[in-house]
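As structure tokens, the structure follows; a few thoughts come after it.
The values are calculated or read from the model by the stated rules, or taken from the named source; none is laboratory data. What you see is a predicted model, and the numbers here were worked out from it, not measured in a lab. Cβ placement follows ideal geometry from the backbone for every residue including glycine, while neighbour counts extend to all protein chains displayed.
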Amino acid sequence: MARKPRFYLPDVPAHVMQRGHNRDAIFFKDADYVVYLKIFRRVAEQFECQVHAYVLMTNHVHFLLTPARSDSISLLFKALGAEYVRYVNKTYRRSGTLWGGRHKGCIIDSSNYFLRCMQYIELNPIRAGMVGDPSHYAWSSYKANAEGAASVILTPHVEYLSLAKEKDARVSLYCQLLATQMTTNCVQSIDDCLQSGTPLGGIQFINSIEKMLNFSVGRVKRGRPKKERNSAILS
């Protein structure tokens with residue numbers, strides 16, 4: 001699948017992933033995850049990116065972000081990558097690159113895909129067979145979004161907040177969403193758009209992006225999920 005020119009838009013959520021070189025590990029012990037998150041929090045604030053969901057896997061990371069500027073995400077990952085590599089190289093007395101190229105990412109139609117992207121990210125350890133329950137994985141935003149734990153990294157998005165006014169009800173509804181199985185088409189759409197840089201959304205969303213940018217961003221021919229609302233989650 002051909003990769004398109006990477007782009008982000010102010011105030012439009014994006015799903016972003018970065019992988020280790022040759023799919024090798026980027027975290028080697030618990031302290032590495034802690035250092036990475038500390039760096040990430042600082043540079044996210046510096047480059048004005050709100051963080052809504054994340055998971056740190058052994059050899060790659062996923063984030064759901066909303067940038068304030070079109071260059072916020074690229075600047076964030078450039079600074080994060082360089083600083084974390086310096087930490088790893090110094091700690092483990094190694095040299096050379098840690099990352100398998102630049103990060104990958106795509107903007108998303110929040111009204112249709114935001115909550116499913118959260119689910120995709122926070123259940124990644126389940127799909128990888130690392131744990132049987134997402135609450136057993138320490139390095140994700142699951143406990144904040146699905147259990148109501150405090151987080152100094154996350155900023156709730158309006159789509160998540162709109163699940164319910166009260167926190168307990170919101171957490172409960174989000175847990176019900178996580179318990180529903182994502183369709184193969186939905187998972188494949190998220191994968192394909194992330195890998196190719198194609199905006200993740202319906203025809204209307206794609207058309208609006210192309211009109212704004214004045215160039216074609218292409219299509220990924222997969223089914224889109226039904227709009228996630230309280231009634232859909234409870235059904």
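Numbers for the structure displayed
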{"item": "Every residue from the stretch 73-101 that is farther than 17 Å from PHE63 by Cα and not in a loop (DSSP other than H, G, I, E, B)", "result": "ALA82, GLU83, VAL85, ARG86, TYR87, VAL88, ASN89, LYS90, THR91, TYR92"}
{"item": "Qualifying residue in the stretch 161-180 (condition: crowded, with 19+ Cβ neighbours inside 10 Å and closer than 18 Å to ALA14 by Cβ)", "result": "no"}
{"item": "Among (1) modelled with pLDDT under 95; (2) over 24 Å from LEU123 (Cβ atoms), the one test that ASP71 misses", "result": "(1)"}
{"item": "Unique residue being modelled with pLDDT of 95 or more, under 13 Å from the mean Cα position of the chain (by Cα) and closer than 30 Å to PHE205 by Cα when the list is MET17, MET57", "result": "MET17"}
{"item": "Those helices (runs of 4 or more DSSP H) lying entirely in the stretch 184-235 with at least 1 residues charged (D, E, K, R) and either touching a helix residue (DSSP H, G or I) at 6+ places or on another chain (Cβ under 6 Å) or at pLDDT 90 or above (or both)", "result": "184-196"}
{"item": "Test for THR198: is it touching a Gly at 6+ places or on another chain (Cβ under 6 Å) and more than 18 Å from TYR54 (Cβ to Cβ)", "result": "yes"}
{"item": "From the options VAL55, VAL51, VAL34, residue that is free of Cβ contacts under 8 Å to residues at least 24 places away in the same chain and under 23 Å from HIS136 (Cβ atoms)", "result": "VAL34"}
